[in-house]
Amino acid sequence: MAFDKTRERYASFGIATSLSHELINTIWDVLDNYLKGVVPLEEELTFHLIKREDKLSIQYLDKKNSISIVFDYATSFDPFFPHTVCLIDEGGIETILLPYEL
């Protein structure tokens with residue numbers, strides 16, 4: 001199972017320049033505290049940043065297993081947030097990046 005032996009974590013340049021440090025940590029928190037051990041995880045995960053009543057919601061989407069989970073936050077939604085972010089696990093080296101950086 002992917003994302004079960006974390007050794008290092010990184011954010012790509014595209015992520016580091018488009019999301020705050022706090023929001024990057026929030027996405028890692030979703031993975032660590034709400035997805036690991038709850039749903040099967042592949043080596044590549046997809047999240048959508050969506051607007052709900054002017055607030056940010058983070059949607060985890062796994063089309064292969066037909067899973068969609070939405071996490072709502074009190075953080076204001078910024079229209080400049082990227083629509084989609086990805087997490088990849090390469091043997092314990094985990095990176096959050098934009099789809100075009102894959």
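The numbers here are math on the coordinates, done by the rules we state, and not lab data. Keep in mind that this is a model prediction, so the values were computed, not measured. Positions of Cβ are backbone-derived with ideal geometry, glycine not excepted, and every protein chain shown enters the neighbour counts.
Tabulated values for the structure
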| read-out | value |
| --- | --- |
| For the chain, convex hull volume per residue from C-alpha positions, Å³ | 97 |
| Listed residues Ile67, Ile27, Ile88, most fluctuating in the chain (Gaussian network, C-alpha, under 10 Å) | Ile67 |
| Most positive-pole-ward Cα, Ser68, Leu41, His21, against dipole of the chain from beta carbon charges | Ser68 |
| Two-site label geometry, Glu90 and Lys5: point separation in nm, points 7 Å out along Cα→Cβ | 1.7 |
| Net charge dipole size for the chain [Lys, Arg +1 and Asp, Glu -1 on Cβ; Debye, nearest 20] | 160 |
| Structure-based [θ]222 nm, the chain - -39500 (n - 2.57) summed over DSSP H runs of at least 4, per residue, nearest 500 | -3500 deg cm²/dmol |
